[in-house]
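Asker: Below is a structure I'd like to ask you about.
Values in this text are rule-based calculations from the coordinates and carry no lab data. Please read these numbers as outputs of a predicted model, since none were measured by experiment. Note that we place each Cβ from the backbone using ideal geometry, even for glycine, and neighbour counts take in every protein chain shown.
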Amino acid sequence: MDDARVTTAHTEPPTDRVPGRAWTIRLTGHSDRSATVSCTTTACRMPPRSKDLAALRAFAAQHAAAHAKAATVRPNAWCHCGSTRCEAHPDIRTHCAGAVTLILRHDPTVGRVWTIEEVCAACAPLIPHTTVVARAARPRRTVEQPAAAAVPAPAQPGVPGGFSSPGTAPADGAPAPGRRSGRRTPRPQHRRTGQR
Ligand SMILES: [Zn+2]
Ligand SMILES: [Zn+2]
Ligand SMILES: [Zn+2]
């Protein structure tokens, strides 16, 4: 067996883990009260520098949502939070574990940064101002559909001629004659004494 913890750069990792991705959309203000929107994906088209901050902010939020929607969570991704030494939640330490989760971070008090990240299920609830967008499907689950259940059962033939089936008891509510009609008053019980 090979040592899985080799550190040589050219060695393939034992599992094809990939680095967790992150997208950051940032609203940057300038001294003349205009602002620009930037995305870490350089291919993304951004609106021109403008003084309409509300429009730029709306664009940034929509752009972040579009990235979150377009990204497919990869179940073999490393936790992006863990790869940054969990600096997003410095007060609570955890060990990265669980299914990969796609989160959208946006601190409304800052209001200028939107981040979409692939993180683990342990880190996701610890990161503030986070909305879980998607979760990766568990890689080991196998869904087997029973084939027999899909086939419709043939229609049950009805009882011919209107006969009731032989095992059916007569209808309830008709008391059989001579059995337990009315309440029976309990007899007073006398103890017979004196028999010696
Ligand atoms: Zn983008
Ligand atoms: Zn973390
Ligand atoms: Zn993590």
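Asker: Could you compute the net charge surrounding Trp23? Neighbours are other residues with a C-beta less than 12 Å from the C-beta of Trp23; K and R count +1, D and E count -1.
Answerer: Neighbourhood net charge equals +2.
Asker: Which residues does a label at His89 reach in region 62-78, if reach means a backbone N under 20 Å from a point 7 Å past the Cα toward the Cβ?
Answerer: From region 62-78, the list is 73-78.
Asker: Separate question: How much net charge surrounds Ala60 when only other residues with a Cβ under 10 Å from its Cβ are counted (Lys, Arg +1; Asp, Glu -1)?
Answerer: +3
Asker: Taking the Cα centroid of region 42-63 and of region 81-119, what is the distance between the two, rounded to the nearest whole Å?
Answerer: 23
Asker: Sorted by mean Cβ packing within 10 Å, highest first, what order do the peptides 57-69, 39-51 take?
Answerer: On the way: 57-69: 17.2, 39-51: 11.5.
Top of the packing list down: 57-69, 39-51.
Asker: Indicate the gyration tensor shape class of region 22-135 (rounded, prolate or oblate), computed on the Cα atoms with a ≥ b ≥ c the square roots of the eigenvalues: a/c under 1.5 is rounded; otherwise a/b larger than b/c is prolate and the rest oblate.
Answerer: Working: a/c = 2.63, a/b = 1.84, b/c = 1.43.
Prolate is the answer for region 22-135, as a/c is 1.5 or above and a/b outweighs b/c.
Asker: Follow-up. Put +1 on the Cβ of every Lys and Arg and -1 on every Asp and Glu Cβ in region 22-135; which of Ala43, Thr131, Gly82 then has its Cα farthest towards the positive end of the dipole?
Answerer: Ala43
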